[in-house]
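Below is one structure; the comments refer to it alone.
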């Protein structure tokens with residue numbers, strides 16, 4: 001069988017598996033992403049070893065179906081973060097800026113420091129240790145938002161803060177990721193720092209960000225201005241094409257010029273496109289392609305790399321890292337809320353709501369593994385931590401809210417469907 005036929009068949013099989021598993025997860029009240037990830041785990045070396053099947057290892061040329069699939073998954077990463085930028089609610093960040101900012105900041109610092117210190121304690125290098133901590137900083141609000149809806153608490157003080165903090169958390173996580181990627185050579189030198197090299201690295205990053213924020217918005221508007229003219233005369237999808245051009249150019253610029261992660265550029269591209277009149281059309285037309293094709297391929301690709309049996313030799317480190325991942329968010333985010341006027345119960349709710357990791361954490365882990373910063377063993381462990389943290393959150397949230405508040409909210413039966421739709425898509 002030729003490689004091209006292998007690729008076509010692989011894509012069909014993996015998309016079917018991802019969507020079926022995602023639909024099942026949705027019926028169970030879990031994020032679709034979690035189902036897609038589990039589909040990959042089931043097909044990977046843990047059980048079926050999909051890429052090791054005989055009909056996939058016998059290609060007629062040097063390009064394997066697996067390598068092409070990985071390229072598609074990398075494109076999916078860029079598009080996922082572009083859509084995340086499109087759907088970022090900047091107004092929500094501004095409304096709950098103080099408690100949300102400090103909750104997010106605490107939830108970034110504690111897991112990162114704890115994860116890095118534990119990794120150093122078992123003998124990992126500085127770069128890998130700091131990257132492990134970086135992976136633990138990300139929060140996914142999807143499962144939390146769904147649970148808040150079920151509990152009729154999405155409009156509560158704690159609920160609004162969680163949603164705002166999750167957005168800020170993603171932004172801070174991208175900043176940390178960009179710093180770690182850019183400073184990689186310095187961190188890899190055993191902790192010793194060349195101030196000359198450090199200044200060059202930071203200079204590249206600063207210049208890149210300045211050019212992105214200075215030229216990005218006007219260039220984006222200029223591109224869409226001319227795309228609108230083409231739209232009026234020939235093509236009805238030029239706005240989407242223009243959006244993709246902006247996303248890929250900024251992703252390229254961020255990594256090639258600034259030495260940062262490409263997803264930082266695509267996320268910022270999403271913010272810039274969101275400020276244009278074509279925002280709704282681009283989101284409407286692009287979201288199905290990402291949700292139906294590139295997104296599932298990316299999350300299945302993560303699962304395909306996971307061999308859960310590798311955990312057996314690292315249960316001690318895995319258990320401690322899981323505790324740091326949970327307690328770090330609980331204490332860091334909770335403290336940020338507590339010192340901004342929240343009582344103990346509300347602070348606990350905010351901390352619990354920020355525990356689950358999700359898309360950004362998985363993307364960060366994948367970038368680290370692909371770049372050779374983290375080993376496969378570490379990669380497997382952090383992906384499993386993402387799974388566990390997502391699964392335990394709904395039950396913890398139900399326990400954290402006082403029963404009288406839940407009963408009152410259910411009796412009122414507030415209409416929150418429209419709010420939830422906006423939040424869970426971000």
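Taken together, the values in this text are just the output of simple stated rules run on the coordinates, not laboratory data. Keep in mind the model is a prediction, meaning the values are calculated, not measured. Methodologically, a virtual Cβ is constructed for each residue, glycine included, from the backbone with ideal geometry; neighbour enumeration extends over all protein chains shown.
Need the C-alpha centroid separation for the stretch 297-347 versus the stretch 1-60, integer Å. Between the Cα centres of the stretch 297-347 and the stretch 1-60 lies a distance of 26 Å. Counting every other Cβ atom within 10 Å of each residue's Cβ, 157, 225 order from fewest to most as 225, 157.
Taking every alpha-carbon pair under 8 Å whose residues sit at least 6 apart, the stretch 230-388 reaches a relative contact order of 15 percent.
The alpha carbons of the stretch 246-399 stretch over 44, 43, 31 Å along the principal axes, in descending order.
Here, P(r) means the percent of Cα pairs in each 10 Å bin from 0 to the largest distance; for the stretch 299-352 it is 23, 28, 25, 19, 4.
Once both labels are positioned 7 Å from their Cα atoms along Cα-to-Cβ, the gap between residue 344 and residue 370 label points is 4.6 nm. By the beta-carbon count within 10 Å of each Cβ, the least crowded to most crowded order of 1, 28, fewest first, is 28, 1.
The ranking of 202, 86, 315 from fewest to most other beta carbons within 10 Å of each one's beta carbon is 315, 202, 86. Set the Förster distance to 25 Å, then compute FRET efficiency between residue 214 and residue 245 from the Cβ-Cβ distance, nearest 0.05. The value I calculate is 0.85. In the stretch 210-275, Cα pairs under 8 Å separated by at least six residues give a relative contact order of 28 percent.
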